[in-house]
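One structure is given below, encoded as structure tokens.
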Amino acid sequence: MPKLLLIQGPNLSYLGRRQPELYGTTTAKQLDALLLRHARDHGYALEIFYTHDEAAAIERLYRAVDEKIDGLVMNPAAFLFAGYPLRDCLRAIPIPYIEVHITNIERRGIRSILAETAVGLIAGFGVQSYVLGLEAMLAHVNGRRAPARAKKPAKRARR
């Protein structure tokens, strides 16, 4: 069973109450329940880790390597502005990373310094961005785990 880690950056524990005009009214607790149900229904283990502290996120990522976590999905929130230590950590670890955002950060004129380390970035679909990110990571992990198929030798044309 694949093991995925979701890291929620600064202020995301306040979802549903913080700027609902941008981030919607789904609370962090409701989002967690939705995502844990998705994990159960799709056959993967999911841990959700909230932090307002970049150092704690880095510590959790290094521990994830030792725990053999297969994939990381993260909404870095405010870490995307100046999270250079977090970016260095993401470069160093062997865990694939997909970045998610509730809003379309490009439309808001925001660029993530962490995105260069990601397999991909999903943004602008509200809380559905998380589901899409987890599904994309699950497909990525399963594709990476799939045994390589031996190619059949090409048949020679007879003359």
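The values are calculated or read from the model by the stated rules, or taken from the named source; none is laboratory data. In this text, all values refer to a predicted model and were calculated from it rather than measured experimentally. Here the Cβ is made from the backbone with ideal geometry for all residues, glycine too, and neighbour counts use every protein chain on show. In case anyone asks, the SASA skips ligands and DNA or RNA and just uses the protein heavy atoms, side chains included. Shrake-Rupley method; radii C 1.70, N 1.55, O 1.52, S 1.80 Å.
Annotations
Conditions (1) touching a strand residue (DSSP E or B) at 6+ places or on another chain (Cβ under 8 Å); (2) over 16 Å from S112 (Cα atoms); (3) in contact (Cβ under 8 Å) with a residue 12 or more places away in the chain, marked per residue:
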| position | (1), (2), (3) |
| --- | --- |
| Q8 | yes, no, yes |
| R18 | no, yes, no |
| L31 | no, yes, yes |
| L35 | yes, yes, yes |
| H52 | no, yes, yes |
| E59 | no, yes, no |
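- In segment 52-65 there is no residue that is under 18 Å from L134 (Cβ atoms), open to solvent by 70 Å² or more (accessible area, probe 1.4 Å) and of a type in the set (K, R).
- No other residue among L34, L5, L22 is open to solvent by less than 50 Å² (accessible area, probe 1.4 Å) and either of a type outside the set (D, E, K, R) or under 18 Å from the mean Cα position of the chain (by Cα) (or both) apart from L5.
- The condition of being at pLDDT 95 or above, farther than 17 Å from H140 by Cβ and surrounded by 15 or more Cβ atoms within 10 Å (Cβ to Cβ) holds for only one of I95, I48, that being I48.
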